[in-house]
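Undergrad: Input: one structure, supplied below.
The values are calculated or read from the model by the stated rules, or taken from the named source; none is laboratory data. This is a predicted model, so every value here is computed, not measured. With ideal geometry, Cβ positions are generated from the backbone for all residues, glycine too; neighbour counts draw on all protein chains shown. Calculation scope for accessible area: heavy atoms of the full protein, side chains included, ligands and nucleic acids excluded. Shrake-Rupley method; radii C 1.70, N 1.55, O 1.52, S 1.80 Å.
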Amino acid sequence: QVQLVESGGALVQPGGSLRLSCAASGSIFSIYAMGWNRQAPGKQRELVAVITSGAEPKYADSVKGRFTISRDNAKNTVWLQMNSLKPEDTAVYYCNADVETTTVPRRRDYWGQGTQVTVSS
């Protein structure tokens with residue numbers, strides 16, 4: 001089994017910053033990609049950012065220039081630096097990882113439980 005735990009969500013004023021973190025643990029053989037997704041009330045979950053081995057990070061157009069994703073492969077950890085936050089960034093943010101485990105000979109996606117980000121004055 002693989003577990004992902006997010007932290008860092010909070011209430012912040014417009015224009016403020018937050019840094020989310022996510023750590024994966026368990027029967028991990030390797031992690032191909034890690035990313036962040038978010039879901040606002042009444043909307044579908046959407047990809048925010050993803051970082052894949054051997055490739056440049058990718059971002060949703062709505063967060064380009066404001067958010068930065070980074071990863072420490074040795075620690076199975078990913079961060080999302082969120083600057084210039086807007087009310088429309090309000091959502092539950094979920095960490096996910098594409099993982100090959102030590103017990104199952106295939107990759108699959110794992111998800112964290114999410115952390116709430118609220119941008120409001």
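Undergrad: Counting Lys and Arg as +1 and Asp and Glu as -1, what is the net charge of the other residues whose Cβ lies under 10 Å from the Cβ of F29? Write out the running numbers ahead of the final one.
TA: Values: positive: R107; negative: E100.
Once positives and negatives cancel, what remains is 0.
Undergrad: Still on this structure, please answer the following. Just to confirm a number: summing +1 for Lys and Arg and -1 for Asp and Glu over residues other than K58 whose beta-carbon lies under 14 angstrom from that of K58, what do you get? Display every interim value, and only then the final one.
TA: Details: positive: K64, R71; negative: E46, E56, D61, D98.
Within the 14 Å Cβ shell, the charges total -2.
Undergrad: Now for a different question. Of the residues L20, L80, L47, which exhibits the maximal mean-square fluctuation in a Gaussian network model of the chain defined by a 10 Å Cα contact cut-off?
TA: Comparing L20, L80, L47 in the GNM, the peak value goes to L47.
Undergrad: I need the shape label for region 75-121. Rule: rounded when a/c is under 1.5, else prolate if a/b > b/c, else oblate, with a, b, c from the alpha carbon gyration tensor.
TA: It is prolate, given that a/c is not under 1.5 and a/b is the larger ratio.
Undergrad: Return the sequence-ordered ³J(HN,Hα) values of region 47-59 in whole Hz as given by the Karplus equation 6.51 cos²θ - 1.76 cosθ + 1.60 applied to θ = phi - 60°, using x for Gly and Pro.
TA: Listing the rounded values in order: 6, 9, 7, 8, 10, 10, 4, x, 9, 6, x, 10, 9 Hz.
Undergrad: Also, I was wondering about something else. Cut-off under 29 Å on the C-alpha distance; same-chain residues fewer than 8 positions from K75 excluded. Which lysines are left, in chain and number order?
TA: K58, K64
Undergrad: Specify the residue with the greatest mean-square fluctuation among A40, A24, A49, computed from a Gaussian network of the chain linking alpha-carbon atoms under 10 Å apart.
TA: For the chain, modelled as a Gaussian network with Cα springs under 10 Å, the answer is A40.
Undergrad: Could you look at the chain and say what percent of its accessible area is carbon and sulfur, using a 1.4 Å probe and all protein chains?
TA: Details: 3140 of 6670 Å².
So the carbon and sulfur contribution to the accessible surface is 47 percent.
Undergrad: Hey, what do the phi angles of region 103-110 turn into as Karplus ³J(HN,Hα) couplings, whole Hz, using 6.51/-1.76/1.60 and θ = phi - 60°, x for Gly and Pro?
TA: Karplus values, whole Hz, x for Gly and Pro: 10, 10, x, 7, 8, 8, 8, 10.
Undergrad: For the chain, give the magnitude of the charge dipole about the Cα centre (Cβ charges: +1 Lys/Arg, -1 Asp/Glu; no others), in debye to the nearest 20.
TA: On the way: 13 positive and 10 negative charges, 6 e Å.
Using Cβ point charges on Lys, Arg, Asp and Glu, the chain gives about 20 debye.
Undergrad: Which whole-number value in Å² is the accessible area per residue of the chain, probe 1.4 Å?
TA: Counting only protein heavy atoms, the per-residue value for the chain is 55 Å².
Undergrad: Starting from one equal scatterer on each C-alpha and no solvent at all, send me the Debye-based log10 I(q)/I(0) for the chain at q = 0.12, 0.14 Å⁻¹, two decimals.
TA: -0.41, -0.55
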